[in-house]
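Visitor: Structure in structure tokens, see below.
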Amino acid sequence: MGFLKEEKSKRVLRGVKTVFFIIVMIFSFLVFSAPVLLVIADTLLPASLLSASLSPSSLSFSTLAADLSNYDFRYSLVDIPLVSILRSAVIFCVYSFCDGPRLSRGPYLGITAICSVCSLIYVSAKAPYVFSAYRIDRGGYVRGMEAALFLCSLFLAIGHVVVAYRTSCRERRKLLVYKIDIEAISACQKGLPRYQKKMLQEERVK
């Protein structure tokens, strides 16, 4: 009876360890892939919210062309997803072409901050016109989707900066560890010939 209880407790413990390991692996994957995942979210979410705000119609090439042809900064919303897509494309290109040193102290963090700040300024300047009291009321659901569109673009812009900063810090830590390892190897390589020479001298004395 005691043996069965012990086996059962071991199985439960193994199950808990397995679940913990899987959670840690998923979390590590999300942290490592955060720049790419955020770019995907920044590309899809604003377009989805714009499509929902156009209900009962949906976002298509025809409605997109019509909105662009009748574009007005004060009322049109089609530029919000386009700004997000352009921002994501620039950030993803910079991230793809940067290696470790450039991710740590190079153009990735700087360009991400510039793109995010510019898009924040643009969206913030547009919001008062869109939500002006003089605008025709289009219903609570549509207004809610429009507010969600603006908030999503703002939060994703801030998220790009946060992810870029954390990626930069992670790469700096990697470079620091690599530098310490290189210095340790160099010190060992310099000290080994001296140690061998000393051992030879002791052998000759004997």
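Visitor: Of all residues being in contact with a Ser or Thr (Cβ under 8 Å, 6 or more places away or on another chain) and open to solvent by less than 30 Å² (accessible area, probe 1.4 Å) in the stretch 112-145, which is modelled with the lowest pLDDT? Just the residue, please.
Guide: V142
Visitor: What do you reckon, is I26 open to solvent by 60 Å² or more (accessible area, probe 1.4 Å), in a helix (DSSP H, G or I) and either closer than 30 Å to L175 by Cβ or at pLDDT 90 or above (or both)?
Guide: Judged against the criteria, I26 is a match.
Visitor: Say whether the condition of being open to solvent by 70 Å² or more (accessible area, probe 1.4 Å) and touching a residue at least 60 places away in the same chain (Cβ under 8 Å) is met by at least one residue in the stretch 90-100.
Guide: No, there is no match, as no residue in the stretch 90-100 is open to solvent by 70 Å² or more (accessible area, probe 1.4 Å) and touching a residue at least 60 places away in the same chain (Cβ under 8 Å).
Visitor: Hey, among the residues in the stretch 36-46 that are buried (at least 19 other Cβ atoms within 10 Å of the Cβ) and in contact with a Leu (Cβ under 9 Å, 6 or more places away or on another chain), which one's farthest from D79 (Cα to Cα)?
Guide: L38
Visitor: May I ask you to list the residues in the stretch 51-88 that are at pLDDT below 85 and of a type in the set (G, A, S)?
Guide: S51, A52, S53, S55, S57, S58, S60, S62, A65, A66, S69, S76
Visitor: Something else now. If you go through the stretch 193-206 one residue at a time, do you hit one that is modelled with pLDDT of 70 or more and open to solvent by 30 Å² or more (accessible area, probe 1.4 Å)?
Guide: no
Visitor: Which of the residues that make up the stretch 146-179 are open to solvent by 40 Å² or more (accessible area, probe 1.4 Å), of a type in the set (A, V, I, L, M) and within 16 Å of D42 (Cα to Cα)?
Guide: Across the stretch 146-179, the qualifying residues are L151, L154, I158, V161, V162.
The values are calculated or read from the model by the stated rules, or taken from the named source; none is laboratory data. In this text, all values refer to a predicted model and were calculated from it rather than measured experimentally. When we count neighbours, we look across all protein chains shown, and the Cβ atoms used for this are built from the backbone with ideal geometry, even at glycine. The protein model used for the area step is the full one, side chains on, heavy atoms only, and it has no ligands, DNA or RNA in it. Shrake-Rupley method; radii C 1.70, N 1.55, O 1.52, S 1.80 Å.
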